[in-house]
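Just so you know, all these numbers are worked out from the coordinates, no wet-lab data involved. Predicted, not measured: the structure shown is a model, and the values here were computed from it. Positions of Cβ are generated from backbone atoms using ideal geometry, with glycine treated the same way; all protein chains shown enter the neighbour counts.
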Amino acid sequence: MWVSRTKWLASCYFANSADIVSKSAEILGYTDDAKKYAKLRDDIKAAFMKEFVNSDGSFKKHTVVVKKNDKEYVSEISGFQSAYVCALWFSMLPDSLRPAVTKLLVQDIHEHGGLLNTGFLGTPYLTFALSDNGEDDEAFRMLLNEECPSWLYPVNLGATTVWERWDGIMPDGGVNIYKQNGVNAANINMVSFNHYAYGAVGDWLYRRLCGIECDTAGYKHFTVCPHVGGGFTFAEAEKKTCYGLIKSSWKLNGDMFELCVRVPVNTTASVILPDGKRHEVGSGEYKFTCKM
């Protein structure tokens, strides 16, 4: 059944927008505006907690009434994958509840057969929410899943671009204009085969698999902290910045992890290895190793 989940997700994005404005105002020297929007952010988060989240981290049930084609659809919904993802990614929760909500997210994924059940608003942050909360293995499993919906399902059908819909082409090769996730949908006609949204997983590949994370404007300082898993034995990424090229390239050589990092001129980087050791470096090219 088609239901609206807008208020859960809009609240998270609203808080994030207020946070961005607050930080921007602080950088630009608009102190009063920085405080104003920081308070707005905190107020939104407090309202989110009060309205949607129980003290144990579970999400409260809400009755949602949606009008579509002159019909009313009534549904009871509480937690769902995108709600958990956005609550975690946009820091809508106190730290004490993050483990509980992460557990609910993983449980929901398992209830869907290990498959994602997120749309345009939740998918970009799904693997981040998992990796950043101790669930790297789950993130890699989702990345490498080949069933629909997944990133590799279209690849196995010959896709060279990202589709608007996970099931835009059916297993028999036919274009799917009549069903959405296996359910009949009249006049759906959503079959773009070159769409940006679900390709956002590429952001996770750069920032977690290869570990390049921007810490300050323009990558003046950045972190390289690769996440190793999923059976990957090597990964490499490059990022062009206004200071020059950043490069992170790692491989497994037996039980040894080898990482090569390039740091542009006039920048600095923090390099964190899988064994937890941290190195602070300036511009140059470096090689680091550790035991896995």
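Rg of the Cα atoms in region 213-291, relative to 2.2 N^0.38 Å, amounts to 1.06. Expressed as a fraction of 2.2 N^0.38 Å, the C-alpha radius of gyration for region 1-159 is 1.16.
Placing a pseudo-label 7 Å from each Cα along the Cα-to-Cβ vector at T216 and A200 gives an inter-label distance of 2.9 nm. Put +1 on the Cβ of every Lys and Arg and -1 on every Asp and Glu Cβ in region 127-169; which of F128, G158, F140 then has its Cα farthest towards the positive end of the dipole? The residue sitting farthest along the positive end of the dipole is G158.
Amide hydrogen proximity for T267: with H placed 1.01 Å from N in the peptide plane, the residues at 5 or more positions away or on another chain lying under 5 Å are S283. Under 16 Å of direct C-alpha separation, and excluding same-chain neighbours fewer than eight residues apart, K239 reaches these lysines: K220, K247. Once you reduce region 75-89 and region 107-128 to the center of their Cα atoms, the two points are 10 Å from each other. Once you reduce region 271-292 and region 189-240 to the center of their Cα atoms, the two points are 19 Å from each other. Here the dipole of the chain is about 540 debye; that uses its Cα centre as origin and unit charges on the Cβ of Lys and Arg (positive) and Asp and Glu (negative).
Cross-linked pairs K23/K240; K36/K103; K36/K61; K23/K291: Cα-Cα separations exceed 30 Å for K36/K103; K36/K61; K23/K291. The distance between label points at D56 and M292 comes to 3.9 nm (points 7 Å beyond Cα on the Cα→Cβ vector).
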